[in-house]
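Chemist: Below is one structure. I have some questions about it.
The values are calculated or read from the model by the stated rules, or taken from the named source; none is laboratory data. What you see is a predicted model, and the numbers here were worked out from it, not measured in a lab. Cβ: placed from backbone, ideal geometry, glycine included. Neighbour counts: every protein chain shown.
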Amino acid sequence: MTEHLGPVVFVCTANICRSPMAEALFRHALDGAGDSMHSISASSAGVSAIDDLPASANSVEAMRKVGLQLSDHRSRHLTQAMVSKALVVFCMTESHRDIIHLQYRKQPTRLHLMREFMTDTNDREIPDPFGGNLRTYESCRDSMVEAIPSLLQFVRSLQ
């Protein structure tokens with residue numbers, strides 16, 4: 001039996017658009033990944049988040065269109081405890097990774113971009129859809145969906 005591992009933490013700026021979508025997509029993927037991944041959990045936070053805000057309306061709608069819900073999501077500011085306990089932290093952009101390097105004295109053991117492990121693209125960052133139309137959010141969601149298989153493979157290698 002595998003011991004409980006720290007969570008996979010997805011990080012963006014405000015924790016109302018990208019990281020909640022990434023968390024929901026990864027949780028969905030974990031549900032289909034079989035027993036070998038049962039000890040893995042996922043969460044999300046923002047480097048500049050205000051606690052307890054709902055996910056943006058377009059994030060909720062973009063996820064609803066693929067059968068996932070974000071209506072219960074509430075934003076959280078990334079804390080040292082989250083960083084310290086994480087199995088891995090996946091950021092949306094290099095600037096998020098830079099902020100973590102600057103703000104947290106104890107760095108995560110593993111700090112990566114969400115699209116870092118994809119071999120068929122040089123497009124490693126996921127731009128912020130905030131303020132964009134629904135199509136912008138769907139494109140953001142789809143760029144995360146593309147990354148999920150490589151993230152599952154990486155996380156599986158950590159067990």
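Chemist: Against the condition surrounded by fewer than 21 Cβ atoms within 10 Å (Cβ to Cβ) and touching a Pro at 6+ places or on another chain (Cβ under 7 Å), how does Arg74 come out, does it pass?
Modeler: Working: surrounded by fewer than 21 Cβ atoms within 10 Å (Cβ to Cβ): yes; touching a Pro at 6+ places or on another chain (Cβ under 7 Å): yes.
Yes: the conditions hold for Arg74.
Chemist: Could I ask something else about it? Only one residue in Ser59, Ser36 is small (Gly, Ala, Ser), touching a residue at least 60 places away in the same chain (Cβ under 8 Å) and either crowded, with 22+ Cβ neighbours inside 10 Å or part of a strand (DSSP E or B) (or both). Which one?
Modeler: Details: Ser36 fails: either crowded, with 22+ Cβ neighbours inside 10 Å or part of a strand (DSSP E or B) (or both).
Of Ser59, Ser36, the one residue that is small (Gly, Ala, Ser), touching a residue at least 60 places away in the same chain (Cβ under 8 Å) and either crowded, with 22+ Cβ neighbours inside 10 Å or part of a strand (DSSP E or B) (or both) is Ser59.
Chemist: Please go through segment 105-130 and give me each residue that is farther than 12 Å from Phe90 by Cα, modelled with pLDDT of 95 or more and of a type outside the set (Asp, Glu), ordered by number.
Modeler: Met118, Pro127, Pro129, Phe130, listed by residue number.
Chemist: Out of the residues in segment 62-90 that are in a helix (DSSP H, G or I) and closer than 18 Å to Gly132 by Cβ, state the one that is farthest from the chain's Cα centre (by Cα).
Modeler: Going through the qualifying residues, I end up with Arg64.
Chemist: Of everything in segment 129-148 that's in contact (Cβ under 8 Å) with a residue 40 or more places away in the chain and of a type outside the set (A, V, I, L, M, F, W, C), which residue is nearest to Phe10 (Cα to Cα)? Before you say what the answer is, go through the steps one by one.
Modeler: As a first pass, look at segment 129-148 and keep what is in contact (Cβ under 8 Å) with a residue 40 or more places away in the chain: 129-130, 132-134, 136-138, 140-141, 144-145, 148.
With of a type outside the set (A, V, I, L, M, F, W, C) added as a condition, the list becomes 129, 132-133, 136-138, 141.
Working: Pro129: 16, Gly132: 21, Asn133: 23, Thr136: 20, Tyr137: 17, Glu138: 18, Arg141: 13 Å.
Once the filter is applied, the top-ranked residue is Arg141.
Chemist: Pairs only if they're at least six apart or on different chains, beta carbon under 6 angstrom, first in segment 116-128 and closer than 11 Å to Pro149 by Cβ and part of a loop (DSSP other than H, G, I, E, B), second at pLDDT 95 or above and among the polar types (S, T, N, Q); list them, first residue then second.
Modeler: Hits for this filter: Phe117/Ser150; Met118/Ser150.
Listed here are the residues, each with its yes/no results for (1) touching an Asp or Glu at 6+ places or on another chain (Cβ under 7 Å); (2) of a type in the set (A, V, I, L, M, F, W, C); (3) surrounded by 16 or more Cβ atoms within 10 Å (Cβ to Cβ); (4) under 18 Å from Val47 (Cβ atoms).
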| position | (1), (2), (3), (4) |
| --- | --- |
| Leu113 | yes, yes, yes, yes |
| Phe117 | no, yes, yes, no |
| Glu125 | yes, no, yes, yes |
| Phe130 | no, yes, yes, yes |
| Glu138 | no, no, yes, no |
| Arg141 | no, no, yes, no |
| Ala147 | no, yes, yes, no |
| Ser150 | no, no, yes, no |
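Chemist: Continuing with this model, one more query. When residues of segment 125-143 are filtered for being of a type in the set (Val, Ile, Thr) and in contact with a Cys (Cβ under 8 Å, 6 or more places away or on another chain), how many remain?
Modeler: First pass over segment 125-143, keeping only residues of a type in the set (Val, Ile, Thr): 126, 136.
When the remaining residues are screened for being in contact with a Cys (Cβ under 8 Å, 6 or more places away or on another chain), the result is 126.
Here the count works out to 1.
Chemist: Specify which of the listed residues (Ile148, Ile99, Ile126) is of a type in the set (A, V, I, L, M) and in contact with a His (Cβ under 9 Å, 6 or more places away or on another chain).
Modeler: Details: Ile99 fails: in contact with a His (Cβ under 9 Å, 6 or more places away or on another chain); Ile126 fails: in contact with a His (Cβ under 9 Å, 6 or more places away or on another chain).
Answer to the selection: Ile148.
Chemist: If I go through segment 1-33 residue by residue, how many of them are acidic (Asp, Glu) and either assigned to a strand (DSSP E or B) or within 18 Å of Phe130 (Cβ to Cβ) (or both)? Reasoning before the result, please.
Modeler: To start, the set of residues in segment 1-33 that are acidic (Asp, Glu) comprises 3, 23, 31.
Filter again for either assigned to a strand (DSSP E or B) or within 18 Å of Phe130 (Cβ to Cβ) (or both), leaving 23.
Of the residues in that region, 1 qualify.
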